[in-house]
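Written out below as structure tokens is the structure these notes cover.
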Amino acid sequence: MRPLARRTQQLRQSDIRAVTAAVDRVGGINLGQGICDLATPDPVRGATIDAVEAGHSIYTAYNGIRPLREAILDKARSFNRLPATDPDEVLVGAGSTAAFVSAVLALCDPGDEVILFEPFYGYHTALLRLLGVAPVGVGLTQPDWGVDWDALEAAVTPRTKAVILCTPGNPHGKVWSRAELDRLLEILERDDLWAITDEIYEYMTYEGREHLSLGSLPGAWDRTITLSGFSKTFNVTGWRLGYAVGRADVLEKMGLVADLVYICAPAPLQYGFAGALPVPEAYYEALASDYTERRRMMGETLDAIGFDHSWPEGAYYAFASFAGRAGERGFEDDRAACATLIDRAGVATVPGSAFFSDAGAGRHRLRFCFAKEMDVLDEACRRLRAALA
Ligand code: PLP
């Protein structure tokens, strides 16, 4: 038979899903995949049940229903300080992932290059490749995830179309500072590049770190597409509802792409969020303080088991190094260490190599996701200490 398309030949089940399958087989605790198993807030559930009852079951506009786009516009202006003024500068998509695909298809031609910072979120690189765009990784410096500006400037070529910025970052939790964003913007302007930002963890920042949106900087709006969504903030990763904010002409093209690929985001869920937003500020405050407590539990456990880690400034992952134990049996590399933690503690993590283009760069790291109910995280930490401390 004729072969499948070349673009699918490199596609493999991601390490993250494979680890989930392995830990499920032993009935363990999954600190691997970035799914939060916390409850969906009542106002969101209630408004969505009402929307289903009200029969909101048909296609919506491809860029999403207007009341939801208005609610997102308000949030984008007040929280992100984006200079957006019109609901047409908002696109509702089937998760921020779908909005990312629309952004890449709207901006990039096959053969273009897009720069991103390593370690990276694997979906960004894998999707770029699938769409015929070359991801070009620029390494953040370890252990504090600083930006190597010379490396960034050297990575720009005539084929570079855009830079992807993930802040707060997965897997390291880096929150880009104002000074870093200013310097990045200088390069974007000088080399006439677009920016696609992924700000899905924007409400999870720690120790006074403030989330800043690149698109809010003077001059950045015209060249920045800001992506975020409801998955992480409202514990609805499976609902598939996210959004983009940016220039109306660019978003119109992204909406036309979305229309062809999936027509619209799920209608009753859009009405549900339109009914539930805005939620009181106290919701976001409680979210940040609950995650602060989880981060403390996770970080102290990593200290106790001899894993080196920089405390994440944001997001809900610890990207820890076990280099100090690398001489021990079962800790030869990241895959071995991941298997050892499942085997000895019944706890799943993600091997560090999943986050680098050069797998060797992550061979002594594991990513721990701490978006778990307190009692589940507590049990995971207890097991890790019992097995490894
Ligand atoms: N962006 C980052 C950095 C993520 O870590 C994830 C999920 O883990 C997503 C996007 C997925 O977002 P969504 O559910 O809105 O598609």
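The values are calculated or read from the model by the stated rules, or taken from the named source; none is laboratory data. Predicted, not measured: the structure shown is a model, and the values here were computed from it. For neighbour counting, all protein chains shown are included, and Cβ atoms are generated from backbone atoms with ideal geometry for every residue, glycine included.
In the stretch 52-91, of all residues being closer than 16 Å to E202 by Cα and small (G, A, S), the one that is nearest to the ligand (Cβ to nearest atom) corresponds to A76.
For the stretch 176-197, the count of residues that are within 11 Å of the ligand (Cβ to nearest atom) and in a loop (DSSP other than H, G, I, E, B) is zero. Would you check which residues across the stretch 19-46 are within 16 Å of the ligand (Cβ to nearest atom), under 24 Å from G299 (Cα atoms) and either assigned to a loop (DSSP other than H, G, I, E, B) or outside the structural domain of R295 (by TED's automatic domain parsing) (or both) and list them? Within the stretch 19-46, L31, G32, Q33, G34, I35, C36, D37, L38 qualify. When each of E285, E293 is tested for being in contact (Cβ under 8 Å) with a residue 12 or more places away in the chain and surrounded by fewer than 23 Cβ atoms within 10 Å (Cβ to Cβ), the lone residue that passes is E293. The single residue among A84, A103 that is closer than 30 Å to W145 by Cα, in contact with a strand residue (DSSP E or B) (Cβ under 6 Å, 6 or more places away or on another chain) and either outside any helix (DSSP H, G or I) or assigned by TED's automatic domain parsing to the domain that holds T224 (or both) turns out to be A103. Inside the stretch 358-370, residues that are modelled with pLDDT of 95 or more and part of a loop (DSSP other than H, G, I, E, B) make up a count of 3. Of all residues in the stretch 157-173, those satisfying the criterion of being within 19 Å of P110 (Cβ to Cβ) and either outside the structural domain of R190 (by TED's automatic domain parsing) or among the aliphatic types (A, V, I, L, M) (or both) are A162, V163, I164. Sub-9 Å Cβ pairs linking a first residue in the stretch 80-92 that is touching a residue at least 40 places away in the same chain (Cβ under 8 Å) and on the phi > 0 side of the Ramachandran plot to a second residue that is crowded, with 17+ Cβ neighbours inside 10 Å and of a type in the set (G, A, S), at least 6 apart or interchain, are R81/S213; R81/G215; R81/S216, ordered by first then second residue. Of the residues making up the stretch 263-280, at least one is modelled with pLDDT of 95 or more, within 15 Å of the ligand (Cβ to nearest atom) and either surrounded by fewer than 21 Cβ atoms within 10 Å (Cβ to Cβ) or under 30 Å from R159 (Cα atoms) (or both). Considering the conditions (1) more than 16 Å from the ligand (Cβ to nearest atom); (2) more than 30 Å from A282 (Cα to Cα), I16 is excluded by exactly one of them, (1). Being closer than 26 Å to V350 by Cβ, out of contact with any Cys (no Cβ under 9 Å at 6 or more places or on another chain) and not charged (D, E, K, R) is not true of L185.
Taking W176, is it touching a Gly at 6+ places or on another chain (Cβ under 9 Å), in the same structural domain as E113 (by TED's automatic domain parsing) and touching a residue at least 60 places away in the same chain (Cβ under 8 Å)? Answer is no for this residue. Applying the condition of being out of contact with any helix residue (DSSP H, G or I) (no Cβ under 7 Å at 6 or more places or on another chain) and on the phi < 0 side of the Ramachandran plot to the stretch 144-155 and asking which residue is surrounded by the most Cβ atoms within 10 Å (Cβ to Cβ) yields A155. If the condition is being surrounded by fewer than 19 Cβ atoms within 10 Å (Cβ to Cβ) and either in the same structural domain as L287 (by TED's automatic domain parsing) or within 13 Å of the ligand (Cβ to nearest atom) (or both), then the stretch 198-208 contributes no residue at all.
In the set (1) within 18 Å of the chain's Cα centre (by Cα); (2) in contact (Cβ under 8 Å) with a residue 40 or more places away in the chain, the condition left unmet by L140 is number (2). Checking D50, D24 one by one, the residue that is at pLDDT 95 or above, acidic (D, E) and at negative phi is D50 and no other. So which residues in the stretch 355-389 are touching a Pro at 6+ places or on another chain (Cβ under 8 Å) and of a type in the set (A, V, I, L, M), if there are any at all? Of everything in the stretch 355-389, those that are touching a Pro at 6+ places or on another chain (Cβ under 8 Å) and of a type in the set (A, V, I, L, M) turn out to be A361, L366.
Let's see how each residue does on (1) hydrophobic (A, V, I, L, M, F, W, C); (2) assigned to a helix (DSSP H, G or I):
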position: F234; (1), (2): yes, no
position: W239; (1), (2): yes, no
position: A265; (1), (2): yes, no
position: L269; (1), (2): yes, yes
position: E293; (1), (2): no, yes
position: T301; (1), (2): no, yes
position: G306; (1), (2): no, no
position: A318; (1), (2): yes, no
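Of all residues in the stretch 209-240, those being surrounded by fewer than 20 Cβ atoms within 10 Å (Cβ to Cβ), basic (K, R) and closer than 23 Å to V163 by Cβ number 1.
Selection within the stretch 92-135: residues that are away from the ligand (no atom under 13 Å from the Cβ) and more than 27 Å from A359 (Cβ to Cβ). The member of this set that is surrounded by the fewest Cβ atoms within 10 Å (Cβ to Cβ) is D109.
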